[in-house]
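Report on the structure given below.
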Amino acid sequence: MKSFIAFLAATLLAGAVHAATPNPDATQIKAAHDLMAAMQAEKMMRMTAGMSQYASPAQRKEVMDKVINLQPELVYTRLATPIAKLMSTETLTEMTKFYQSSYGKRVLHDTYNSGAQLYPTVPKPTADEQAELKKPAYIKADKEFKANEQAIHHETFVLLKSIINGK
């Protein structure tokens, strides 16, 4: 019951943030595209496809084949507009910078290459990386990003469904 309430609250919160930017401009869409590229969103698509349930092993294989053969640029482009509606340009830019940093790349590597974990771990940042993580711009962006993380995964799932359906 608690998880349902948390999900409902997150969905409503994401909807409120989503409604805040109904028509993102070209700069915001470009920033979202760059963030998706920095996050290697094609790998997020593969994770989403892999975690989804299928009627049969044949259907799973068919979907995974489609997802594996996707061009990364297609994923970035198709996710850019819905993601741009979720966050400010400043947050998109700051999080792109984070995921392009050496520490951000280690976080992504652990996210996409670690096995299943009950309590996911994050790599330990160096002193310089800790200083970067304490900057007000990053703290603000990280907070907004985390508030929209579930919505980002939802948009990834929506894109996966449209690709499966051939759209």
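The values are calculated or read from the model by the stated rules, or taken from the named source; none is laboratory data. These numbers were taken from a predicted model, which means no experiment stands behind them. For neighbour counting, all protein chains shown are included, and Cβ atoms are generated from backbone atoms with ideal geometry for every residue, glycine included. Side chains are part of the model used for accessible areas, which takes the heavy atoms of the whole protein and leaves out ligands, DNA and RNA. Shrake-Rupley method; radii C 1.70, N 1.55, O 1.52, S 1.80 Å.
Scan region 48-79 residue by residue and report those that are in contact with a Leu (Cβ under 7 Å, 6 or more places away or on another chain) and basic (Lys, Arg).
ARG78
Which condition does MET64 not pass, out of (1) modelled with pLDDT of 95 or more; (2) of a type outside the set (Val, Ile, Thr); (3) open to solvent by less than 50 Å² (accessible area, probe 1.4 Å), if it passes all the others?
(1)
Would you tally the residues in region 108-142 being open to solvent by 30 Å² or more (accessible area, probe 1.4 Å), among the hydrophobic types (A, V, I, L, M, F, W, C) and within 26 Å of GLY50 (Cα to Cα)?
The number of residues fulfilling the criteria is 3.
Residue check: is LYS105 exposed (fewer than 11 other Cβ atoms within 10 Å of the Cβ) and either modelled with pLDDT of 90 or more or closer than 26 Å to MET45 by Cα (or both)? Step through it out loud before you land on a result.
Values: exposed (fewer than 11 other Cβ atoms within 10 Å of the Cβ): no; either modelled with pLDDT of 90 or more or closer than 26 Å to MET45 by Cα (or both): yes.
Answer is no for this residue.
Would you mind listing the helices (runs of 4 or more DSSP H) fully within region 37-149 where at least 2 residues are in contact (Cβ under 8 Å) with a residue 24 or more places away in the chain and farther than 25 Å from LYS161 by Cβ? I'd like the intermediate steps shown before the answer.
Working: elements: 41-51, 57-68, 72-84, 89-100, 102-113, 127-133.
By residue number, 89-100, 102-113, 127-133.
Here are some residues: THR77, THR48. Which one is among the polar types (S, T, N, Q), open to solvent by 20 Å² or more (accessible area, probe 1.4 Å) and under 13 Å from LEU159 (Cα atoms)? So that I can check it myself, show each step before the final result.
Values: THR48 fails: open to solvent by 20 Å² or more (accessible area, probe 1.4 Å).
THR77 is the lone residue from the list that is among the polar types (S, T, N, Q), open to solvent by 20 Å² or more (accessible area, probe 1.4 Å) and under 13 Å from LEU159 (Cα atoms).
Among (1) of a type in the set (A, V, I, L, M); (2) over 16 Å from HIS153 (Cβ atoms); (3) open to solvent by less than 30 Å² (accessible area, probe 1.4 Å); (4) within 16 Å of the chain's Cα centre (by Cα), where does MET36 come up short?
Among (1) of a type in the set (A, V, I, L, M); (2) over 16 Å from HIS153 (Cβ atoms); (3) open to solvent by less than 30 Å² (accessible area, probe 1.4 Å); (4) within 16 Å of the chain's Cα centre (by Cα), MET36 violates only (2).
Could you tell me whether GLU155 is out of contact with any strand residue (DSSP E or B) (no Cβ under 8 Å at 6 or more places or on another chain), touching a residue at least 12 places away in the same chain (Cβ under 8 Å) and more than 20 Å from MET47 (Cα to Cα)? Quick ask: steps written out before the conclusion?
Numbers: out of contact with any strand residue (DSSP E or B) (no Cβ under 8 Å at 6 or more places or on another chain): yes; touching a residue at least 12 places away in the same chain (Cβ under 8 Å): yes; more than 20 Å from MET47 (Cα to Cα): no.
Criteria not met by GLU155.
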